[in-house]
């Protein structure tokens, strides 16, 4: 056990959807904590940019272009990780393709397939791929990513909300089945850090942005690296050994908005 039970130094951690947003911030936070990383994304250019940032930090890492909906490719990648690092300690299942805001009556089969293939199904394939290795080493940490949308049912986000509740459900099932092997599985629901303040010459969007956060107890958008990263790091650490099947609302108290 590390001297600091919340330490991730030298842990081998896979981060999916790592090239931007929450995934990028989490990857950078883990890198600064000394983790060895496998960062995954679908688009090569932002993945290369992240790899350059990790190089600048001196982080041992592998950057791989991967669609998490591809189960066979996911299993093959984990086999390569074991060949390179000899182990896999953590999975941060962050990737999910998004769809435009759509009224529920207009949702198409394609909308549902995209969100479920890359959300709960992609998360499950990653969990299945790392499971036997974590089981055999008697230690593992899996962090899934959900959203308060699943609990609140916002207008226009039906498929996204449903897919995120499916992710939370898989999290609880995995926690119950795999706890006996030293594997803990938890879900993090960050506030939407896709929000970025619009320009001053767009008063309508500025008003919407302000309204998004003004009723939160912590009335600002989350920072992926500084606000979300530390929560994920704890859930990847020795300090999390007796916490499993839980949902962590890293949202500035957004769920309590009136």
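The values are calculated or read from the model by the stated rules, or taken from the named source; none is laboratory data. Everything quoted here is computed from the prediction, not taken from an experiment. With ideal geometry, Cβ positions are generated from the backbone for all residues, glycine too; neighbour counts draw on all protein chains shown.
Looking only at residues in the range 70-85 that are farther than 17 Å from residue 128 by Cα and without any contact (Cβ under 8 Å) to a residue 24 or more places away in the chain, the one that is surrounded by the most Cβ atoms within 10 Å (Cβ to Cβ) is 84.
Criterion first (in contact with a helix residue (DSSP H, G or I) (Cβ under 9 Å, 6 or more places away or on another chain) and either crowded, with 16+ Cβ neighbours inside 10 Å or modelled with pLDDT under 75 (or both)) does residue 220 satisfy it? So residue 220 does not fit the description; no. Can you find, within the range 9-23, the residue that is nearest to the chain's Cα centre (by Cα) among those that are closer than 12 Å to residue 236 by Cα and part of a loop (DSSP other than H, G, I, E, B)? By that ranking, first place goes to 11. With respect to being free of Cβ contacts under 8 Å to residues at least 40 places away in the same chain, within 17 Å of residue 123 (Cα to Cα) and crowded, with 16+ Cβ neighbours inside 10 Å, residue 38 falls outside the description.
Just give me the residues in the range 47-63 being out of contact with any strand residue (DSSP E or B) (no Cβ under 8 Å at 6 or more places or on another chain), more than 16 Å from residue 33 (Cα to Cα) and touching a residue at least 12 places away in the same chain (Cβ under 8 Å), in sequence order. Answer for the range 47-63, where residues must be out of contact with any strand residue (DSSP E or B) (no Cβ under 8 Å at 6 or more places or on another chain), more than 16 Å from residue 33 (Cα to Cα) and touching a residue at least 12 places away in the same chain (Cβ under 8 Å): just 49. Could you pull out the residue among 237, 169, 163 that is within 23 Å of residue 98 (Cα to Cα) and crowded, with 17+ Cβ neighbours inside 10 Å? It is 163. Applying the condition of being surrounded by 14 or more Cβ atoms within 10 Å (Cβ to Cβ) and farther than 23 Å from residue 229 by Cα to the range 174-204 and asking which residue is modelled with the lowest pLDDT yields 198. Of all the listed residues (28, 54, 37), the sole one being farther than 15 Å from residue 143 by Cα and within 17 Å of the chain's Cα centre (by Cα) is 28.
Exactly one residue out of 67, 94 is out of contact with any strand residue (DSSP E or B) (no Cβ under 7 Å at 6 or more places or on another chain), surrounded by 15 or more Cβ atoms within 10 Å (Cβ to Cβ) and either touching a residue at least 12 places away in the same chain (Cβ under 8 Å) or on the phi < 0 side of the Ramachandran plot (or both), and it is 67.
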